[in-house]
Amino acid sequence: MVLPYITAGSQNPGQRGLDFCIHYRYETQKAILSDIVASLYAQGYRKMVIINGHGGNTFKSMIRDLSLDYPDFLIASSEWFAFVPAKEYFDEPGDHADELETSVMMHYHPELVNLDEAGNGDYKKFTSQMLNEKVAWIPRNWQKVSQDTGIGNPKKASARKGKKYAEAVVAKYALLFEELVHKELY
């Protein structure tokens, strides 16, 4: 079963002021996920894979909590945009509205992409070397980091690159689904 996607998520400071950027608090996301799990569990399902499309969403803590309430319900979480190494497919992968995401959109919905309006992907790094090395994490304030929230050059995007990447992601998901269905976890 494929459930409808949820189009809102957790946003960083500086994004909430952007038009149509809807923020869901952690508690809201957890409530939605809890209701989905409760419904599926009541219907007899015991496995679920979350395919996350937004880097701001983090499901690990929610899944840990739900696994205590539903110990025989497997919930796996993944991020499609990090499922396959971007460096194998793109010249300048970034992490937001970049070559990867733009290429995938050009593959699936070319009518929604106008590269003439795309930014160049320039952004300000943290002044802290430790934060740049990801030793610690803090939310980025998008209005201070990037002129248009882009991090990574979308100008090098193409539908061909997006198709190759999407096919690799789909193939890897097929392997994940097959293993989760046919293999014991331990």
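The values are calculated or read from the model by the stated rules, or taken from the named source; none is laboratory data. Every value quoted in this text rests on a predicted model; they were computed, and no experiment measured them. Using ideal geometry, Cβ is built from the backbone for each residue, glycine included, and neighbour counts are taken over all protein chains shown.
Taking region 81-121 as the range and being surrounded by fewer than 20 Cβ atoms within 10 Å (Cβ to Cβ) and acidic (Asp, Glu) as the test, the residues that pass are 88, 91, 92, 95, 111, 116, 117. Of the residues making up region 1-22, those that are more than 16 Å from the chain's Cα centre (by Cα), of a type in the set (Val, Ile, Thr) and surrounded by 13 or more Cβ atoms within 10 Å (Cβ to Cβ) number 0.
Does residue 51 meet the test of being within 16 Å of the chain's Cα centre (by Cα) and either more than 18 Å from residue 64 (Cβ to Cβ) or in contact (Cβ under 8 Å) with a residue 24 or more places away in the chain (or both)? Yes, satisfied. Test residue 77 against the criterion of being outside any loop (DSSP other than H, G, I, E, B) and more than 25 Å from residue 149 (Cβ to Cβ), and give yes or no. No: the conditions fail for residue 77.
Taking residue 125 as meeting all but one of (1) closer than 28 Å to residue 20 by Cα; (2) surrounded by 12 or more Cβ atoms within 10 Å (Cβ to Cβ), write down the number of the exception. Here residue 125 meets the rest and fails (2).
Just a yes or no: is a residue in region 162-184 modelled with pLDDT under 95, part of a loop (DSSP other than H, G, I, E, B) and of a type outside the set (Ser, Thr, Tyr)? Scanning region 162-184 turns up at least one residue that is modelled with pLDDT under 95, part of a loop (DSSP other than H, G, I, E, B) and of a type outside the set (Ser, Thr, Tyr).
Against the test of being modelled with pLDDT under 95 and part of a helix (DSSP H, G or I), the options 143, 147 yield a single qualifying residue, 143.
Scanning region 99-123 for residues that are assigned to a loop (DSSP other than H, G, I, E, B) and under 13 Å from residue 158 (Cβ atoms) returns 113, 118.
Restricting attention to region 1-53 and to residues that are hydroxyl-bearing (Ser, Thr, Tyr) and part of a loop (DSSP other than H, G, I, E, B), the residue that is modelled with the highest pLDDT turns out to be 45. Could you tell me which residue of region 133-157 is nearest to residue 58 (Cα to Cα), considering only residues that are without any contact (Cβ under 8 Å) to a residue 60 or more places away in the chain and over 20 Å from the mean Cα position of the chain (by Cα)? Per the criteria, the residue is 135. The set of residues in region 164-175 being surrounded by 14 or more Cβ atoms within 10 Å (Cβ to Cβ) and either farther than 21 Å from residue 55 by Cα or in contact with a strand residue (DSSP E or B) (Cβ under 8 Å, 6 or more places away or on another chain) (or both) consists of 164, 173. Pairs linking a residue in region 92-121 that is within 21 Å of residue 82 (Cβ to Cβ) to a residue that is surrounded by fewer than 21 Cβ atoms within 10 Å (Cβ to Cβ) and among the charged types (D, E, K, R), with Cβ atoms under 7 Å and 6 or more positions apart or on different chains, are 92/156; 93/87; 99/91; 99/92; 99/156; 103/161; 107/163.
Each row is one residue, and each column tells you yes or no for (1) farther than 26 Å from residue 100 by Cβ; (2) touching a strand residue (DSSP E or B) at 6+ places or on another chain (Cβ under 6 Å).
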site	(1), (2)
10	no, no
13	no, no
17	no, no
25	yes, no
31	yes, no
43	yes, no
52	no, yes
56	no, yes
60	no, no
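Got at least one residue in region 127-139 being in a loop (DSSP other than H, G, I, E, B) and within 25 Å of residue 170 (Cα to Cα)? For region 127-139, residues in a loop (DSSP other than H, G, I, E, B) and within 25 Å of residue 170 (Cα to Cα): absent.
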